[in-house]
Amino acid sequence: MSLHFRNLLILMQSGVNQNSMKKQTVFAISFSMLLFFQTNISRAQGTEHWITAWATAAYAQFSAPGVPEEPSLENKTIRMVIRPTLGGHSMRVRFSNEFGSLPVRIGAAHVAVTDRDSTTKQGTDHILSFAGKSSVSIPAGAPLISDPVEMDITPFTELTISIYLPAKTPVTTLHGLAKHTSWFAAGDQSGSLNTVDALPRDSWFFLSSLEVLAPESASAIVAFGDSITDGAGARVSHYADWPDKLAQRFAASRPNNHTAILNEGISGNRILHDAAGTAALARFDRDVLGKSGVKGLIVLEGINDIGFPRIRMEELKSPSTPKNPFVSEKVSAEEIIAGLQQLIVRAHEHGLLIFGATLTPCEGTNSWDAEGEAIRQSVNQWIRSARAYDGFIDFDAVIRDPKHPSRMKAIYDSGDHIHPSDAGYQVMANAIDLNMLQTTK
């Protein structure tokens, strides 16, 4: 017998020899408590569970030409706007100091519904606590989950996560080059409706995910990849990347949709070597297996493994980096395929579905050459024919120029010849079979 029910029976039995009014009072209190306990026990027994409704891939600062270093923060409020693709009546936030060597002190943290820019909606602010306290230190190298907050969240509603950093804090863990605007403000404005003198910044800091308490049928699918998954080339804050477009398709086609789509793309990421973020093989546990409620993933990785070692630095005329730092890291099609096979084995070990996406064309970039194109074609042929994945998505077929297959179709090109435009991301999302993603393994 549970402790809750034992205490409840004692309370009910204590009223047996009292007058009828006291009996009625005890019964009313007991009945209310019974409903409360039954509700919480049913959640504990699995009728509801925690599902990641929004996530980003956090990583250490990446030093590269054209990528500015983030300065340390002190006495600053950071307001970060996110948009969960799954709703619920209770939520909690996961922060991350996983790439830090020192603790990170959060003086205060809040969540509220976003109004516009750095402003939140009146009456929606909730304090985030940690073991009942409003401030906390995130240990070096660790994530940290807030206490649950009773808050009704509807899918595709923007939320603002605000944290106040009172002490000097090096930016060790972030998601840079995000396609969504965050805001910096002086002092503790974490619980303010309107921030004063807030400055925009397109990154998320010390933030990993938001989870909701959702029905047992709810689950999440991870979009695992590089900048083409992250949304490079799409308009900022327009949710035009293919994972967001996929989430919108799910919601439109299934009124009772309980599937979250999580964007775990990192611009500059590779399968076999570190670059921006650790290699896909190294971050798989944290960014896929470590997310609550994940049932499957879509993998779009490999174009940077091919391209980075082929960047012609002399054409970029970069005085700070005269030589290509990746030139010694050329890989073959066989090595890329072996890396993808590792992801498949590890996903299946944990009962996850895993879907492969073909690599999109990139002729016209500084890193393209015929040898690299042959590698891309070989990897794509394996994805289409080997049947190693639980299914595949042919992004290459829908986005390439039929008259020049090594190039992206002009209407789908953002202008840099490797990252799709909003229209390109839409056609990619449209190419995904929703029924395939919901197959039970």
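Results, tabulated for the structure shown:
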read-out: Computed E for Ile145/Ser406 - FRET, C-beta separation, R0 45 angstrom, nearest 0.05; value: 0.50
read-out: Sequence-distant residues sharing a close amide H with Ile393 (under 5 Å, placed H); value: Gly356, Ala357, Thr358
read-out: DSSP-defined beta bridges in segment 152-308 - what % are antiparallel, rounded to 5; value: 30 percent
read-out: Inter-label distance for Ala282 and Arg235, nm, one decimal - labels placed 7 Å from Cα along Cα-to-Cβ; value: 3.7 nm
read-out: Distance in nm between pseudo-label sites at Arg116 and Ala423 (7 Å out along the Cβ direction from Cα); value: 3.0 nm
read-out: Tensor-based shape of the chain (alpha-carbon gyration tensor, a/c under 1.5 rounded, otherwise prolate or oblate); value: prolate
read-out: Derived scalar couplings ³J(HN,Hα) [segment 218-231; Karplus, 6.51 cos²θ - 1.76 cosθ + 1.60; whole Hz; x for Gly, Pro]; value: 6, 7, 9, 10, 8, 8, 10, x, 10, 5, 6, 8, 4, x
read-out: Per-peptide average of other Cβ atoms within 10 Å, ordering 223-229, 209-215 highest first; value: 223-229, 209-215
read-out: For Val171, Val93, order by how many other beta-carbon atoms lie within 10 Å, fewest first; value: Val171, Val93
read-out: Förster radius 22 Å - calculated FRET efficiency between Leu199 and Arg105 (Cβ-Cβ, nearest 0.05); value: 0.50
read-out: Ranking of Met80, Met313, Met408 by count of other Cβ atoms within 10 Å, fewest first; value: Met313, Met80, Met408
read-out: Distance in nm between pseudo-label sites at Asp274 and Ala338 (7 Å out along the Cβ direction from Cα); value: 2.1 nm
read-out: Using θ = phi - 60° and Karplus 6.51 cos²θ - 1.76 cosθ + 1.60, couplings along segment 166-179 (whole Hz; Gly, Pro as x); value: x, 9, 4, 10, x, 7, 9, 9, 7, 10, x, 6, 5, 8
read-out: For peptides 271-278, 145-152, 50-57, 334-341, sequence by mean Cβ density within 10 Å, most packed first; value: 50-57, 271-278, 334-341, 145-152
read-out: Leu86 long-range amide H proximity, modeled H, under 5 Å; value: Phe156
read-out: Kirkwood Rh in Å, taken over all unlike Cα pairs in segment 217-441; value: 17.7 Å
read-out: Cβ crowding within 10 Å averaged over residues, with 112-123, 371-382 ranked highest first; value: 371-382, 112-123
read-out: Long-range HN-HN contacts of Thr169 with modeled amide H, under 5 Å; value: Leu73, Glu74
read-out: Nearest-ten-degree value, helix 242-253 long axis tilted from longest Cα axis of the chain; value: 50 degrees
read-out: Helix 3-13 vs. the chain, principal-axis angle (Cα, 0 to 90°, nearest 10); value: 20 degrees
read-out: Computed lengthening from Ala167 to Leu434, 0.36 nm per intervening residue step minus Cα-Cα distance; value: 91.5 nm
read-out: Residue-span extension gain [Ser385 to Ala397] - 0.36 nm each, minus C-alpha spacing; value: 2.9 nm
read-out: Within the chain: Cβ-based charge dipole about Cα centre, in debye rounded to nearest 20 (Lys, Arg +1; Asp, Glu -1); value: 1200 debye
read-out: Beta bridges per DSSP with both ends in the chain, % antiparallel, nearest 5; value: 75 percent
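Each reported figure results from applying straightforward, stated rules to the coordinates on display, with no laboratory input. Given the structure is predicted, the values throughout are model-derived calculations rather than measurements. All Cβ positions, even for glycine, are placed from backbone atoms using ideal geometry, and neighbour counts span all protein chains on display.
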